[in-house]
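The values are calculated or read from the model by the stated rules, or taken from the named source; none is laboratory data. Note that the structure is a prediction, hence the values are computed from the model and not measured. When we count neighbours, we look across all protein chains shown, and the Cβ atoms used for this are built from the backbone with ideal geometry, even at glycine. When the accessible area is computed, the model is the full protein with side chains, heavy atoms only, and any ligands, DNA or RNA have been set aside. Shrake-Rupley method; radii C 1.70, N 1.55, O 1.52, S 1.80 Å.
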Amino acid sequence: MGLDYDISTNEQNFVLEALKQDVRLDGRKLNEMREVNIKILPSEYGHVEVSLGRTRVGCKVSSEIVKPYEDRPFEGIFMINSEISPMCSPFFEVGAGGSGYGVGSNSSQANEEVLISRMIEKAVRRSNALDVESLCIVAGKKCWAIRADLQFLNYDGNFVDASCIAVMSALLHFRKPDIEVAGEDVVVYDTNQREPVPLSILHIPISITFNYFNPNGSEENIKGDLNNELILVDADLLEERLSLGSMTITLNKNQEICQMMKSGGLNIDASLIMNCCSYASKLVDELTEKIHNVLKQDAAVRTNKTEEKELRVFNER
């Protein structure tokens with residue numbers, strides 16, 4: 001985070017005591033996630049805004065034809081660009097971002113951008129969620145480069161989960177222009193000439209982040225047998241700053257773990273990690289269903305508009 005966020009001792013004690021009683025400041029239980037709202041912008045394909053409580057993230061997917069990497073001649077390219085600016089929170093600084101601004105004096109903010117980009121890129125590419133081989137046009141010569149631009153609009157904790165939902169929703173909604181290949185010549189058709197083509201998405205990985213709190217002291221956590229660590233899902237800004245560690249689990253609807261990252265901090269018993277995985281699987285099922293429902297609603301609206309346009313053209317003739 002760009003600037004220091006000082007929290008008073010009284011506020012820390014109040015939050016921790018509330019968590020011990022399974023109560024959070026916004027009224028949620030420890031295992032409750034904030035409401036997720038997915039908004040698809042009607043102007044174009046692949047432009048999505050996701051709200052996770054007061055945290056808001058925008059994602060826009062674009063494509064272009066480029067030369068593939070020399071060591072991967074049969075694969076297309078997928079990349080993520082993130083940008084954290086003071087627009088989303090006064091705790092971030094101009095010029096301290098890892099992408100979009102150039103690395104400045106504040107390395108923590110740059111690291112946070114890089115961490116988000118790499119986590120989502122690994123979740124999508126290394127788990128083969130996006131079939132990059134389907135992006136190949138002419139082996140070793142031309143391929144599609146798919147780029148997802150993340151814009152953080154408001155920050156109230158848990159950028160990673162909101163970003164992952166936004167990227168996957170945008171990739172599922174995106175359509176690239178249809179093409180025709182003759183030898184090494186490629187003809188790209190406009191959307192008015194041919195219907196654009198969706199990306200080949202094999203599954204939908206979604207990240208769920210858990211934060212840990214230690215109510216018994218560090219010695220009890222290391223040597224004791226109580227295992228009373230507090231674990232909560234989808235931390236807001238205050239909880240995120242007070243937590244002693246976090247773990248992000250990325251799963252799909254098939255209960256396959258695509259990646260897991262625990263960024264140091266508090267020692268956690270293996271049984272608690274398994275419980276987190278089990279609960280994250282239920283949340284992933286709900287979020288996957290929600291993404292599909294939003295996409296279906298948008299497809300119905302776009303289909304009606306297309307039919308009206310075709311009928312209007314027919315009547316004019």
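Contact map, segment 48-65: residues that are closer than 29 Å to Cys143 by Cβ paired with residues that are among the polar types (S, T, N, Q) and open to solvent by 40 Å² or more (accessible area, probe 1.4 Å), Cβ distance under 8 Å, separation 6+ or inter-chain. Pairs shown: Val50/Asn37; Val57/Gln151; Gly58/Gln151; Cys59/Gln151; Lys60/Gln151.
Every listed requirement among (1) at pLDDT 85 or above; (2) of a type in the set (D, E, K, R); (3) in contact with a strand residue (DSSP E or B) (Cβ under 9 Å, 6 or more places away or on another chain) is met by Glu133 save one, (3).
Every condition in (1) under 20 Å from Arg241 (Cβ atoms); (2) of a type in the set (Val, Ile, Thr); (3) in contact with a Phe, Trp or Tyr (Cβ under 6 Å, 6 or more places away or on another chain) holds for Val23 except the one numbered (3).
The one condition from (1) under 17 Å from Val233 (Cα atoms); (2) part of a loop (DSSP other than H, G, I, E, B); (3) aliphatic (A, V, I, L, M) that Ile204 does not meet is (1).
Output yes when any residue across segment 240-252 is touching a His at 6+ places or on another chain (Cβ under 9 Å) and either at pLDDT 90 or above or surrounded by fewer than 18 Cβ atoms within 10 Å (Cβ to Cβ) (or both), and no when none is. For segment 240-252, residues touching a His at 6+ places or on another chain (Cβ under 9 Å) and either at pLDDT 90 or above or surrounded by fewer than 18 Cβ atoms within 10 Å (Cβ to Cβ) (or both): present.
Please indicate, with yes or no, whether at least one residue in segment 127-135 is open to solvent by 40 Å² or more (accessible area, probe 1.4 Å) and either within 20 Å of Glu286 (Cβ to Cβ) or in a loop (DSSP other than H, G, I, E, B) (or both). The answer is yes, given that some residue of segment 127-135 is open to solvent by 40 Å² or more (accessible area, probe 1.4 Å) and either within 20 Å of Glu286 (Cβ to Cβ) or in a loop (DSSP other than H, G, I, E, B) (or both).
Answer yes or no: is there a residue in segment 160-169 that is touching a residue at least 60 places away in the same chain (Cβ under 8 Å), of a type in the set (D, E, K, R) and open to solvent by 10 Å² or more (accessible area, probe 1.4 Å). Checked against the condition, which is being touching a residue at least 60 places away in the same chain (Cβ under 8 Å), of a type in the set (D, E, K, R) and open to solvent by 10 Å² or more (accessible area, probe 1.4 Å), segment 160-169 yields no hits at all. Counting residues in segment 45-64 that are open to solvent by 40 Å² or more (accessible area, probe 1.4 Å), at pLDDT 90 or above and among the acidic types (Asp, Glu) gives one or more.
Counting the residues of segment 136-155 that are in a loop (DSSP other than H, G, I, E, B) and surrounded by fewer than 19 Cβ atoms within 10 Å (Cβ to Cβ) gives 3.
How many residues does segment 239-281 contain that are assigned to a helix (DSSP H, G or I), of a type in the set (S, T, N, Q) and closer than 22 Å to Arg34 by Cβ? Walk me through how you get there before you give the answer.
Residues of segment 239-281 that are assigned to a helix (DSSP H, G or I), as a first pass: 239-242, 270-281.
Of the ones still in play, those that are also of a type in the set (S, T, N, Q) are 271, 275, 278, 281.
Subsequent filtering for residues that are closer than 22 Å to Arg34 by Cβ retains 275, 278, 281.
Number of matching residues: 3.
For the criterion of being over 22 Å from Met260 (Cα atoms) and either surrounded by 18 or more Cβ atoms within 10 Å (Cβ to Cβ) or in contact (Cβ under 8 Å) with a residue 40 or more places away in the chain (or both), Val186 passes.
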